[in-house]
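*Asks:* The structure's right below; bear with me while I get my questions together.
The values are calculated or read from the model by the stated rules, or taken from the named source; none is laboratory data. Small disclaimer: the values here were computed from a predicted structure and weren't measured. Virtual Cβ from ideal backbone geometry, glycine too; neighbours counted across all protein chains shown.
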Amino acid sequence: MAEITYRQALHDALREEMTLDPSVILLGEEIGIFEGSYKITAGLLAEFGPERVRDTPIAEEGFVGAAVGAAMLGMRPVVEIMTINFSLLAIDQIVNHAAKIYGMFGGQTAVPMVIRTPGGGGQQLAATHSQNLEVWYAHVPGLKVVAPATPRDAKAMLTAAIRDDDPVIVLENLALYNTKGEVPDGEQVATIGRAQVIKPGTDITVVGYSRSAVIALDVAARFESEGVSVEVVDLASLRPLDRETICRSVSKTGRAVVLEDDWLTYGIGAEVAASIAEGAFDYLDAPVRRVAAAEIPLPYAKSLERIALPDADVLVRVINEVLDATRFTRGESR
Amino acid sequence: MPGRARGSVKRAAAAANPTAGEPPEVLIDYYRRMALIREFETRAGEMYTKAKIGGYCHLNLGEEATVVGLMAALRPTDYLFTNYRDHGYALCRGMEPGPVMAELFGRVDGVSGGRGGSMHLFDVKRRMLGGYGIVGGQLPPATGAALALTLQGEAGPDADAVMCQMGDGTTNIGAFHESLNLAAIWHLPIVYVVINNGLGMATTVEHAAGEPELYKRGCSYRIPGERADGNDVIAVREAATAMLQRARTERKPGLLETMSVRLRGHSVVDPARYRSREETAELRSRDPLPAFREQLIGAGVLDAEAAHAIDSAVERTVADAVAFADASPEPAPDELFSYAYATEVPNTPRAMPGDPVLPVGWDD
């Protein structure tokens with residue numbers, strides 16, 4: 001067990017899978033000589049050469065689509081899209097092609113490809129470079145979308161994604177790249193499609209994914225000292241969505257808050273809240289609350305950027321509101 | 001076609017008799033294939049009006065010489081990507097008319113089990129890697145397939161190559177330019193083929209393209225381009241063969257433009273009212289099928305009786321295909337989720353419209 005960064009964990013997964021399987025190739029802008037905008041691919045060009053670590057022109061539709069075709073011929077391309085904002089230039093290839101080819105052609109060919117891309121705001125990159133568009137892809141049958149929160153999961157989920165025969169979008173997060181955590185030695189392969197209870201609790205469920213799961217964990221620790229037992233569910237997989245784990249948690253706690261980095265309307269939280277309302281209505285003591293980003297193209301100015309994004313303080317406030325609305329007495333966990 | 005940009009059109013060497021030197025059985029086979037496409041497409045149009053075929057249905061009528069010429073240049077081991085006007089290509093790739101028609105009918109015996117329909121014919125064994133319904137959508141995957149070939153084998157006369165077919169309108173979309181650029185910088189064994197029938201739906205090439213001589217559009221990427229007479233099966237075959245050869249041996253991509261006519265509307269439901277009566281009559285006069293028949297009869301390769309025998313045989317073949325398609329069952333409801341994912345994972349959605357998000361009793 002070693003403590004490494006989320007960035008290093010992703011790098012290690014790529015390197016290990018490339019070592020094991022010669023059909024794994026990397027494509028993307030500035031992933032070779034520059035070693036990746038966020039240095040995930042550092043050293044891989046030197047180790048594996050320019051055929052397997054291929055710098056592409058700025059042509060997202062072209063190189064994402066090229067990965068689709070290479071995958072149809074049995075390669076396992078891992079594409080880096082510099083940020084999720086630029087994935088919109090490739091959305092025809094992702095949604096109309098990668099997601100469709102296996103089913104539309106009656107299972108005759110799989111598309112075993114991975115798209116790695118970071119989302120997230122809060123870096124003063126302004127409106128076009130700060131989006132959380134994961135729900136666009138999580139909406140689409142045929143895709144798988146995972147959103148690791150910790151270095152351990154980053155490595156295990158990227159490994160699973162590379163070995164999976166379907167197109168998998170691995171949602172990374174700018175704010176998590178430098179976070180550290182324990183990563184077990186040896187091969188770890190996550191199960192795509194399962195949420196995980198990353199902290200058990202009895203009084204209220206907080207559902208998050210990626211950065212928001214990390215925040216939820218931190219907030220849960222704060223509440224622990226106040227005698228409130230928060231259960232944290234990390235969605236981990238946005239498609240497929242593990243509704244049963246969410247509803248099972250709420251059936252125990254009776255209260256739920258969703259923390260999400262995307263916008264409120266039609267967001268990940270909307271789907272989670274609707275799933276709880278339908279699947280666990282009888283267990284709910286209060287309406288499900290969502291803590292999401294303010295619905296505005298994110299401004300550059302720090303003062304505005306800060307208040308537009310959900311953070312731990314807002315989550316604390318909303319948890320307290322839900323607890324108060326249900327006349328919860330602190331220190332009397334059920 | 002009025003106003004159509006006319007550059008040099010490459011014709012077969014002996015223009016007076018382009019079939020000279022070709023073995024008669026080859027020419028007869030080409031005629032048979034062209035006649036098969038004509039009959040298949042004619043019957044497909046009929047089946048559409050009878051509501052046996054749904055959705056969109058685009059026919060290769062008028063493009064028979066182009067389709068047969070291109071497919072004659074492709075080896076069985078090469079890979080083919082096309083747009084949605086794909087029936088003739090599928091048939092020439094060796095896909096059986098019955099399963100192709102069954103796919104158009106949306107039946108279980110269709111080439112993709114009825115999941116793709118007319119625009120999305122696919123046969124992995126015959127390396128027909130898809131008809132694609134989104135204009136330009138096939139170009140990046142075809143380019144990626146060529147990339148895979150460079151990683152999986154060496155260049156040489158026996159190397160595999162990719163052919164990527166598209167319509168004239170596709171040369172205006174970003175995916176065209178991104179793909180050609182990638183093919184050029186990565187030295188990919190791919191031939192892009194533009195079927196120029198003069199019209200993207202009703203929009204003329206001149207109205208839509210800054211460089212309406214479309215074969216020249218590869219010059220930004222130093223991809224050599226050529227134009228061939230799409231009504232001349234041999235000219236098309238020769239031009240495509242030469243480009244494929246360069247792709248195999250030198251890993252040089254090529255751009256081939258074939259000039260042909262679209263005898264009908266854009267799709268089965270388009271009456272093509274934007275064409276004048278004179279234009280339509282002029283198009284008919286350039287129908288490649290009777291012209292080829294006359295040519296072969298003139299050259300003594302066929303006589304009228306033999307031509308008629310071929311026509312009758314393809315009629316029977318297509319009638320059998322229609323009967324096969326009609327007899328094939330529709331996919332069963334319990335097959336809806338059969339191809340949700342290639343790798344099964346927990347929580348894969350299986351809910352039907354109106355089903356609860358979790359099964360009743362999940363919490364028992």
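*Asks:* Would you please list the contacts, defined by Cβ atoms under 7 Å and residues six or more apart or on different chains, that run from a residue in region B:177-194 that is over 12 Å from residue B:146 (Cβ atoms) and facing chain A (nearest Cβ under 9 Å) to a residue that is of a type outside the set (Gly, Ala, Ser) and not in a loop (DSSP other than H, G, I, E, B)?
*Replies:* B:178/A:61; B:178/B:140; B:181/B:221
*Asks:* Out of all the residues in region A:224-253, which are in contact (Cβ under 8 Å) with a residue 60 or more places away in the chain, away from chain B (no Cβ under 13 Å) and in contact with a Lys or Arg (Cβ under 8 Å, 6 or more places away or on another chain)? Steps first, answer last, please.
*Replies:* Step one: filter region A:224-253 for residues in contact (Cβ under 8 Å) with a residue 60 or more places away in the chain, giving A:226-230, A:234-241.
Those still in the list that are away from chain B (no Cβ under 13 Å) too: A:226-230, A:234.
Correct list: A:226, A:227, A:228, A:230.
*Asks:* Only one of (1) over 19 Å from the mean Cα position of the chain (by Cα); (2) at pLDDT 95 or above; (3) more than 23 Å from residue B:267 (Cα to Cα) is not met by residue B:17, so which one is it?
*Replies:* Against the list (1) over 19 Å from the mean Cα position of the chain (by Cα); (2) at pLDDT 95 or above; (3) more than 23 Å from residue B:267 (Cα to Cα), residue B:17 comes up short only on (2).
*Asks:* Further, regarding this structure: Can you name the residue in region B:337-364 that is more than 11 Å from residue A:141 (Cβ to Cβ) and of a type in the set (A, V, I, L, M, F, W, C) and is also nearest to the chain's Cα centre (by Cα) among such residues?
*Replies:* Ranking the qualifying residues of region B:337-364, first place goes to B:342.
*Asks:* Quick one: in region B:129-174, which of the residues that are closer than 18 Å to residue A:92 by Cα and hydroxyl-bearing (Ser, Thr, Tyr) is nearest to the other protein chains (Cβ to nearest Cβ)?
*Replies:* Selected residue: B:143.
*Asks:* Separate question: Kindly indicate whether any position in region B:38-47 is in a helix (DSSP H, G or I) and polar (S, T, N, Q). Break it down into steps so the answer makes sense when it comes.
*Replies:* So in region B:38-47, the residues in a helix (DSSP H, G or I) come out as B:38-47.
From what's left, polar (S, T, N, Q): B:42.
Yes, there is a match, as at least one residue in region B:38-47 is in a helix (DSSP H, G or I) and polar (S, T, N, Q).
*Asks:* Same structure again: Please pick out the residue among A:154, A:149 that is more than 16 Å from residue A:78 (Cβ to Cβ) and crowded, with 22+ Cβ neighbours inside 10 Å. Walk me through it before giving the result.
*Replies:* Values: A:154 fails: more than 16 Å from residue A:78 (Cβ to Cβ).
Going through A:154, A:149 in turn, just one is more than 16 Å from residue A:78 (Cβ to Cβ) and crowded, with 22+ Cβ neighbours inside 10 Å: A:149.
*Asks:* If you don't mind, there's one more thing I want to ask. Just to be sure I understand the filter: pairs with C-beta atoms under 6 Å, separated by 6 or more residues or on different chains, first member in region B:48-62 and free of Cβ contacts under 8 Å to residues at least 60 places away in the same chain, second member aliphatic (A, V, I, L, M). Which pairs pass?
*Replies:* As it stands, the answer is B:60/B:37; B:60/B:67, since those pairs meet every condition given.
*Asks:* If a residue must be closer than 28 Å to residue B:90 by Cα, in a helix (DSSP H, G or I) and not hydroxyl-bearing (Ser, Thr, Tyr), how many such residues does region B:306-362 contain?
*Replies:* So the count comes out to 22.
*Asks:* Under 7 Å between Cβ atoms, at least 6 apart or on separate chains: pull out the pairs that start in region A:13-37 with a residue that is assigned to a loop (DSSP other than H, G, I, E, B) and end on any residue that is among the hydroxyl-bearing types (Ser, Thr, Tyr).
*Replies:* A:29/A:56; A:30/A:37; A:31/A:41; A:35/A:41
*Asks:* OK, next. Does region B:184-208 hold any residues that are in a loop (DSSP other than H, G, I, E, B) and in contact with a strand residue (DSSP E or B) (Cβ under 9 Å, 6 or more places away or on another chain), and which are they? Reasoning before the result, please.
*Replies:* Taking region B:184-208 as the starting set, the residues that turn out to be in a loop (DSSP other than H, G, I, E, B) are B:186-189, B:197-198, B:201-202.
If the condition is that a residue be in a loop (DSSP other than H, G, I, E, B) and in contact with a strand residue (DSSP E or B) (Cβ under 9 Å, 6 or more places away or on another chain), then B:186, B:188, B:189, B:197, B:198 are the ones that fit.
*Asks:* Restricted to region A:159-195, and to residues that are charged (D, E, K, R) and within 13 Å of the chain's Cα centre (by Cα), which residue is nearest to residue A:69 (Cα to Cα)?
*Replies:* Quick first cut of region A:159-195, residues charged (D, E, K, R) only: A:163-166, A:172, A:180, A:182, A:185, A:187, A:194.
Restricting the remaining residues to those that are within 13 Å of the chain's Cα centre (by Cα) gives A:172, A:194.
Numbers: A:172: 24, A:194: 29 Å.
The residue in question is A:172.
*Asks:* Would you check which residues across region A:99-112 are more than 24 Å from residue A:11 (Cβ to Cβ) and either of a type outside the set (S, T, N, Q) or more than 8 Å from chain B (Cβ to nearest Cβ) (or both) and list them?
*Replies:* A:99, A:100, A:101, A:102, A:103, A:104, A:105, A:106, A:107, A:110, A:111
*Asks:* Listed residues B:182, B:151, B:147; which is surrounded by fewer than 24 Cβ atoms within 10 Å (Cβ to Cβ) and closer than 22 Å to residue A:69 by Cβ?
*Replies:* That would be B:151, the only listed residue that is surrounded by fewer than 24 Cβ atoms within 10 Å (Cβ to Cβ) and closer than 22 Å to residue A:69 by Cβ.
*Asks:* Does region B:114-128 hold any residues that are without any contact (Cβ under 8 Å) to a residue 24 or more places away in the chain and within 7 Å of chain A (Cβ to nearest Cβ), and which are they? Lay out the reasoning, then the answer.
*Replies:* Of region B:114-128, the ones without any contact (Cβ under 8 Å) to a residue 24 or more places away in the chain are B:116, B:122, B:124-125.
B:116, B:122, B:124, listed by residue number.
*Asks:* Could you figure out which of (1) within 19 Å of residue B:137 (Cβ to Cβ); (2) more than 8 Å from chain B (Cβ to nearest Cβ); (3) not in a helix (DSSP H, G or I) isn't true of residue A:87?
*Replies:* Checking residue A:87 against (1) within 19 Å of residue B:137 (Cβ to Cβ); (2) more than 8 Å from chain B (Cβ to nearest Cβ); (3) not in a helix (DSSP H, G or I), the one that fails is (3).
*Asks:* If we keep just the residues of region A:274-307 that are more than 14 Å from chain B (Cβ to nearest Cβ) and in contact with a strand residue (DSSP E or B) (Cβ under 6 Å, 6 or more places away or on another chain), which is surrounded by the fewest Cβ atoms within 10 Å (Cβ to Cβ)?
*Replies:* Looking at residues that are more than 14 Å from chain B (Cβ to nearest Cβ) and in contact with a strand residue (DSSP E or B) (Cβ under 6 Å, 6 or more places away or on another chain), I get A:295.
*Asks:* Hey, does region B:327-344 have a residue that's touching a helix residue (DSSP H, G or I) at 6+ places or on another chain (Cβ under 8 Å), more than 14 Å from every other protein chain (Cβ to nearest Cβ) and aliphatic (A, V, I, L, M)?
*Replies:* No, region B:327-344 contains no residue that is touching a helix residue (DSSP H, G or I) at 6+ places or on another chain (Cβ under 8 Å), more than 14 Å from every other protein chain (Cβ to nearest Cβ) and aliphatic (A, V, I, L, M).
*Asks:* Quick one: is residue A:92 within 13 Å of another protein chain (Cβ to nearest Cβ), within 30 Å of residue B:108 (Cα to Cα) and acidic (Asp, Glu)? First the steps, then the outcome.
*Replies:* On the way: within 13 Å of another protein chain (Cβ to nearest Cβ): yes; within 30 Å of residue B:108 (Cα to Cα): yes; acidic (Asp, Glu): yes.
Considered against the rule, which asks whether it is within 13 Å of another protein chain (Cβ to nearest Cβ), within 30 Å of residue B:108 (Cα to Cα) and acidic (Asp, Glu), residue A:92 comes out as yes.
*Asks:* Being assigned to a loop (DSSP other than H, G, I, E, B), crowded, with 18+ Cβ neighbours inside 10 Å and either without any contact (Cβ under 8 Å) to a residue 60 or more places away in the chain or β-branched (Val, Ile, Thr) (or both) is the filter here, so list the residues in region A:110-130 that pass it.
*Replies:* The answer is A:110, A:111, A:112, A:113.
*Asks:* Among the residues of region A:202-223 satisfying the criterion of being in contact (Cβ under 8 Å) with a residue 60 or more places away in the chain and not in a helix (DSSP H, G or I), which is farthest from residue A:323 (Cα to Cα)?
*Replies:* A:210
*Asks:* Pick from region A:32-51 the residues that are more than 14 Å from every other protein chain (Cβ to nearest Cβ) and among the acidic types (Asp, Glu): which of them is surrounded by the most Cβ atoms within 10 Å (Cβ to Cβ)?
*Replies:* By that ranking, first place goes to A:35.
*Asks:* Which of the following residues is in contact with a Cys (Cβ under 9 Å, 6 or more places away or on another chain) and hydrophobic (A, V, I, L, M, F, W, C): B:345, B:357?
*Replies:* Values: B:345 fails: in contact with a Cys (Cβ under 9 Å, 6 or more places away or on another chain).
Within the list B:345, B:357, the selection yields B:357.
*Asks:* Out of all the residues in region A:52-74, which are more than 15 Å from residue B:182 (Cβ to Cβ), facing another protein chain (nearest Cβ under 7 Å) and buried (at least 24 other Cβ atoms within 10 Å of the Cβ)?
*Replies:* Once the filter is applied, which keeps residues that are more than 15 Å from residue B:182 (Cβ to Cβ), facing another protein chain (nearest Cβ under 7 Å) and buried (at least 24 other Cβ atoms within 10 Å of the Cβ), region A:52-74 yields only A:72.
*Asks:* Pairs under 6 Å by beta carbon, first residue more than 7 Å from every other protein chain (Cβ to nearest Cβ) and over 8 Å from residue B:346 (Cα atoms) in region A:183-194, partner aliphatic (A, V, I, L, M) and assigned to a loop (DSSP other than H, G, I, E, B), six or more apart or different chains?
*Replies:* A:184/A:1
*Asks:* Which ones in region B:236-260 are hydrophobic (A, V, I, L, M, F, W, C) and surrounded by fewer than 24 Cβ atoms within 10 Å (Cβ to Cβ)?
*Replies:* Residue satisfying the conditions is B:242 alone.
*Asks:* Follow-up question, since we're still on this one. Kindly establish whether residue B:302 is crowded, with 18+ Cβ neighbours inside 10 Å, away from chain A (no Cβ under 14 Å) and in a loop (DSSP other than H, G, I, E, B).
*Replies:* yes
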